[in-house]
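Novice: Next up is a structure, given as structure tokens.
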């Protein structure tokens, strides 16, 4: 249990970053995404605003509201912390590495993975979710917010501009 | 009702369920309190299914060789066993893939009747604009969505009996919600969330006053209490094998004889026909006309064995045992921050106890219980409207079954008592 519910996860779930929806600025590029976890009925609504163009396109603001378990709430909080203020390309890289972590069945990045250290650096607090990846039923909880983020990227087409 | 299972009877029952011996999560003895989702299977059921494949496997209702005869006998004997167990006649039992399959079969059959299929006698099932289907607010999605869809396809409207704060159906609304327009009244015998047992006679009486067809979801009742469908007087009922100690992939639709005979078929093909020409076909009598194609014979045989097993245990004893389990389960109310969604009294309720822990999400509750070897269900238990009614997205649910002990419930309570401290909720 302690391996799964690391203190950092409990802390984030108690005082999450970015919680409380703010209006999207009408003049700025932005999108809202609503995602549901059908097994438990948990949901998140996320609003994401962007500034800049091309490679400099940046996630300027993330706000969200929702209900869910401590895993999902902490994951969205950490997502907000990791992604806000970073370029779309950087955000996408973090998202990819987080998804990769979720596929490691509780083992984390392999020791022979030359990039393990840089991946862990990239994820910061999100490495606390290594234990979550051991529980298949909970991976969806951890990915709920990341699915919302990806959906806002798709809606606005910002990814094509970042490549 | 006075005789519950003795300690030695319970020990003998548990010995029949090899899975209950295993450990989970690094050597913790398993406490399986998720039988409301699916039950474990005893040796006699597993043996019946294996024995069918090892000794008697052949196509049923066709072929004239000895194996075909034996397989057909086994298949039809199972139908008799299941029918006898629920107080029905064998020709009133249709094999289906499960209760969901049974309820969908019925809804599609009524649509076929609405399209004019099935001749004059099927017109009693025809729905159209102006007609109404009534369900209840605490239905499992399987006894809600097929009716939503049937209403949408036929132009009928949908109404529902509300749930009271104590998790029971509001019987007093039967008079107003069920009207002369009501053609179908579909309701559960026992809630898979609140555990409340429905006052079936009140529902049947109101339906008869207005000439509505009654449909009973008996998934939770058949495994846990004595059920006699003839005495209950419902027109149709659905239940599944896997919740009553039987295998997955099989269940039954019960239909009162005249009803089942008049109901048009839904699935067409081999085994359900009499005469086929290039233009048309005539169909077998019920129940065969609903059993197109090769059936789940081995599972049906095993479901028959499950009915036999429960019948020999005696359902009054099973119910009395589960009442003891319910009493112990409901003691979680004494834990700080734990709130039960459903009746707190033992009258007319199953050992199905759904609850919330204030400040802790159901998934997190379930995870801590799981780490102690206690398996419960978390989520909305396929009853989202009911959860919305109580203002929660999800609950945790513990269900006691014939093979659970009071000690297991105690272990569950001990584990649950640690939850708020672990998640640092005051």
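What follows draws every value from the coordinates through simple rules; no lab data is involved. This structure is a prediction, so every number in the text was calculated from the model and none was measured. Note that each Cβ is placed from the backbone with ideal geometry, even for glycine, and that neighbours are counted across all protein chains shown.
Novice: Would you compute, for the Cα atoms of the range A:5-53, the largest minus smallest coordinate along each principal axis and list the three values in descending order, in whole Å?
Specialist: The principal-axis extents, from largest down, are 40, 26, 19 Å.
Novice: Report, to the nearest 10°, how far helix B:66-85 tilts away from the longest principal axis of the Cα atoms in chain B, using its own Cα long axis and a range of 0 to 90°.
Specialist: Tilt of helix B:66-85: around 60 degrees.
Novice: A further question on this structure: Put one equal scatterer on each alpha carbon of chain A, apply the Debye formula with no solvent term, and list log10 I(q)/I(0) at q = 0.19 1/Å to two decimals.
Specialist: Result of the Debye calculation: -1.20.
Novice: Moving to a separate point now. From the helices alone, meaning DSSP H stretches of at least four residues, give me the mean residue ellipticity at 222 nm for chain B, per-run term -39500 (n - 2.57), in deg cm²/dmol to the nearest 500.
Specialist: -10500 deg cm²/dmol
Novice: In addition: Of all DSSP beta bridges in the protein assembly as shown, what percent run antiparallel (nearest 5)?
Specialist: 70
Novice: Could you let me know the centre-to-centre spacing of the range B:377-413 and the range B:168-204, using Cα atoms, in angstrom?
Specialist: Spelled out, the Cα-based centre of one part sits 22 Å from the other.
Novice: Once the range B:48-311 is represented by equal point scatterers at the alpha-carbon sites, with solvent omitted, what log10 I(q)/I(0) does the Debye formula produce at q = 0.11, 0.15 Å⁻¹?
Specialist: Values returned for q = 0.11, 0.15 Å⁻¹ are -0.59, -1.06.
Novice: Between residue A:25 and residue B:165, what is the spin-label point distance in nm, taking each point 7 Å from the Cα along the Cα→C-beta axis?
Specialist: Going by the 7 Å Cα→Cβ label model, 4.8 nm.
Novice: In addition: Looking at chain B only, what percent of DSSP beta bridges run antiparallel? Nearest 5 please.
Specialist: 60
Novice: Do you know the relative contact order of the range B:48-311, to the nearest whole percent, from alpha carbon pairs under 8 angstrom that are 6+ apart?
Specialist: 25
Novice: Taking the alpha-carbon centroid of each part, what is the distance from the range B:282-348 to the range B:224-276 in angstrom?
Specialist: Taking the Cα centre of each part, the range B:282-348 and the range B:224-276 sit 16 Å apart.
Novice: Compute the distance from the alpha-carbon center of the range A:64-80 to that of the range B:1-77, in whole Å.
Specialist: First find each Cα centre; the distance between them is then 43 Å.
Novice: Same structure again: So what's the angle, to the nearest 10 degrees on a 0 to 90 scale, between helix A:88-102 and the longest Cα principal axis of chain A?
Specialist: Helix A:88-102 sits at roughly 20 degrees to that axis.
Novice: Also, I was wondering about something else. Two decimals is fine: what is log10 I(q)/I(0) at q = 0.08, 0.10, 0.12 Å⁻¹ for the protein assembly as shown, from a Debye sum with one equal scatterer on every Cα and no solvent?
Specialist: Ignoring solvent entirely, the Cα scatterers give -0.66, -0.96, -1.19.
Novice: Mind putting together the pair-distance distribution for the range B:254-359? All Cα pairs, 10 Å bins, whole percent per bin, short to long.
Specialist: Once binned at 10 Å, the Cα pair distances of the range B:254-359 give 12, 23, 20, 20, 16, 8, 2, 0.
Novice: Evaluate the distance, in nm, between pseudo-label points positioned 7 Å from the Cα of residue B:120 and of residue B:15 along their respective Cα→Cβ axes.
Specialist: In this crude label model, residue B:120 to residue B:15 measures out at 6.2 nm.
Novice: When DSSP beta bridges are limited to those with both residues in chain A, what percentage is antiparallel, rounded to the nearest 5?
Specialist: Here the share of antiparallel DSSP bridges comes out near 95 percent.
Novice: Rounded to the nearest 10 degrees, what's the angle between the helix B:99-114 long axis and the longest principal axis of chain B, both from Cα atoms, 0 to 90?
Specialist: Helix B:99-114 sits roughly 40 degrees off the main axis of chain B.
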